[in-house]
1. Is it the case that some residue within the stretch 565-583 is within 30 Å of Asp455 (Cα to Cα) and at pLDDT 95 or above?
2. Answer yes or no as to whether Ser432 is small (Gly, Ala, Ser), within 30 Å of Arg394 (Cα to Cα), at pLDDT 95 or above and part of a helix (DSSP H, G or I).
3. What tally of residues in the stretch 103-120 results from selecting those that are part of a strand (DSSP E or B), more than 30 Å from Gly351 (Cα to Cα) and open to solvent by 50 Å² or more (accessible area, probe 1.4 Å)?
4. With the condition kept exactly as written, say whether any residue in the stretch 555-562 is farther than 23 Å from Leu611 by Cα, assigned to a loop (DSSP other than H, G, I, E, B) and open to solvent by 10 Å² or more (accessible area, probe 1.4 Å).
5. Please verify whether the stretch 413-429 includes one or more residues that are within 30 Å of Phe564 (Cα to Cα), touching a strand residue (DSSP E or B) at 6+ places or on another chain (Cβ under 6 Å) and in a helix (DSSP H, G or I).
6. In the stretch 138-187, what residues are of a type in the set (Ser, Thr, Tyr), open to solvent by less than 10 Å² (accessible area, probe 1.4 Å) and part of a loop (DSSP other than H, G, I, E, B)?
7. Name the single residue, out of those in the stretch 125-134 being buried (at least 16 other Cβ atoms within 10 Å of the Cβ) and in contact with a Phe, Trp or Tyr (Cβ under 9 Å, 6 or more places away or on another chain), that is farthest from Leu99 (Cα to Cα).
8. Would you be able to tell me the number of residues in the stretch 317-333 that are within 13 Å of the ligand (Cβ to nearest atom) and either part of a loop (DSSP other than H, G, I, E, B) or among the acidic types (Asp, Glu) (or both)?
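The values are calculated or read from the model by the stated rules, or taken from the named source; none is laboratory data. None of these values were measured; they are calculated from a predicted model. Note: ideal-geometry Cβ built from the backbone for every residue, glycine included; neighbour counts use all protein chains shown. Only protein heavy atoms, including side chains, enter the accessible area calculation; ligands, DNA and RNA are left aside. Shrake-Rupley method; radii C 1.70, N 1.55, O 1.52, S 1.80 Å.
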Amino acid sequence: MIKGNLFEMVGRRFCKHGVRASTLYLAFFLLSPLSLLARPKAQAPSPINLSVDATQVSQRILRAKLVFPVRPGPLTLVYPKWMPADHSPDGPIWNLVGLKFLSGTHEIPWQQDLVDMYAFNLVVPSQTTSLGVSLDFLISAPGPTIDFSASGAANLFVLMWNQVILYPKGYAASDLIFHPSLTLPKGWKFSTSLPISNQSAETIWFAPVPLDLLVDSPVQSGEFMRIFPLNPGGSPPQELDVLSDDAWALDVPSELVEHYKRLVAEATALYQSHHFRDYHFLLTLSDNIMGLGQEHHESSDDRVRQHTLVDPNERLLVAGLFPHEFSHSWNGQYRRPEGLATPDFQQPMKGDLLWVYEGLTDYLGTVLTARSGLLTAEQSRDRIALTASTLEHRPGRRWRSLQNTANAAQILYFSVPQWASYRRGTDFYPESILIWLEVDTTVRKLTGDRKSMDDFCHAFYGGPDGQPIVKTYTFEDLISTLNGIAPYDWRSFFRTRLDSTQPSAPLGGIEGGGWRLVYSDDPNEILVAEEAAPSGSGNFTSSIGLEVTRDGTVVDAIPGMPAFASGLSPYLKITGVNGREFSVEGLRRAIQDAKTTTGAIEVEVVNAGKLVAYNVNYHDGNRFPHLERVRDAPDYLDEILKPLTLTSK
Ligand SMILES: [Zn+2]
């Protein structure tokens, strides 16, 4: 998953539809649950009927009714807490309202558990075999922090089924069979990877589905939607489903669609397997819901600002979104670390292998972004350089290892960007790009360029094609797969890099790839796009050690660097630079000018209402990060970024 605010860190980092008479999947589907996980102790109470009424979604309310087969006596129903793609206990229970439990028309009293806020206890009366539950879910407006409830607006919404369900405690999600239906506002279209069994004018009845696959299959719906097949006539079908607040935004530039087609072809060539029956990129273009990229087995829930595909800077910054989320269908969904593959949504997850689940996905996504032409090789190198530079300027490395950022992911996902350099955030995403690049170049070196991470992908993600299943793995499985490709002390290789508290980032992959990280006055294209994008900020990380929003508010001042040394810190607001009103461009010019002067850069600041002036002593220019070729070293990086196919050039 990539959450909206993470896009900002180092370069921004995203159906079934309509009526398809042929899409009549029947009960055989019950034989293909997602999980190979823990089996239940007792026969699971199924099927559970779920009907969701979204006709009032424009008023930000979803209404749901469930019917459970029950036996008289104590019963605990739970609301999903730990979501598989989030790696965090973030089920939005605060927006669950209007909860009622019914035996016939008789209302049953209930109590929220005093310790587990996600559990509801009640006693089913004698003679009762069927329990009715009604609940509403409140959709939020997108706010400054992550809120998964911000999934709908006036003209569209994304239904995340976990928001509108309860389920009986103590059963594996793969053993609870739901019969879901959904009623939409009149005339709204929809898309989802869920098989459909029947449909009337506004209501869709989906085929019976295990709870884990239901929660893994969001539905995108709205007034304005358009479908782009990405492998026309191919098998399995893969398509782009675009939803937006307005009709104009559905005109996806044709060259972009061509790149997405190449992405599908390149992923097929890289993984040589597929673990979906069909695949849907559910792309929502809207300024009215939370930005997100969330992976699923057979779809991805990708949400970006409405202008993203037509704004060249925004488009550059989200180039890696589809490649990342699509790669998750193999890495994260099909192959999942043991600690993240819990049998239900209540048991805590262990994030120690997130540097593989998310980190390797970020690496493979980077590779596929280049191979599909979504970024040129040069733009990809600038992106890697910016990532490396960001991680080189992280004083938090001295106290918090990369391994700890993964272990602590469940709290770090919710940390603010302020002080990110000292706290460290979810660094297991970007830093793992560097580590897995080093794995790739090391394998190439060890095998005389006969093997690579492509071979790892064939071996690790292969298996029976077609069905969405989970196959868990451990650190040991990873080591043994790598040893099968290129024998090496991979255990020490990873532990050295993961447990390090040294100040420098792991740059061995860049060097092994035939390049080196350098700094110059030539602008880094990705960084320039970050600054120019409508939501952009000023990134002065590698010069004075400062990140600042367009209005001058300091996001980060890196301890040990000139801006922090002058007195600046997060939350202060810069109002002036060298006697002129603050602007990002003005500060950049002042930094460049200081290269040829001896005086300090003077900044005027508001600190909680107090006016202060600081002198930033710095004369080394803008120091934009780049990769520079090491002469005579083999150019493995170039080889890695080249397409495997020659489709639709
Ligand atoms: Zn991800």
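1. no
2. Spelling it out, Ser432 is indeed small (Gly, Ala, Ser), within 30 Å of Arg394 (Cα to Cα), at pLDDT 95 or above and part of a helix (DSSP H, G or I).
3. Looking only at that region, the number is 4.
4. Yes, the stretch 555-562 contains a residue that is farther than 23 Å from Leu611 by Cα, assigned to a loop (DSSP other than H, G, I, E, B) and open to solvent by 10 Å² or more (accessible area, probe 1.4 Å).
5. Yes, the stretch 413-429 has at least one match.
6. Listed by number, the residues that qualify are Ser149, Ser151.
7. For the stretch 125-134, the residue satisfying everything is Leu131.
8. So the answer is 7.
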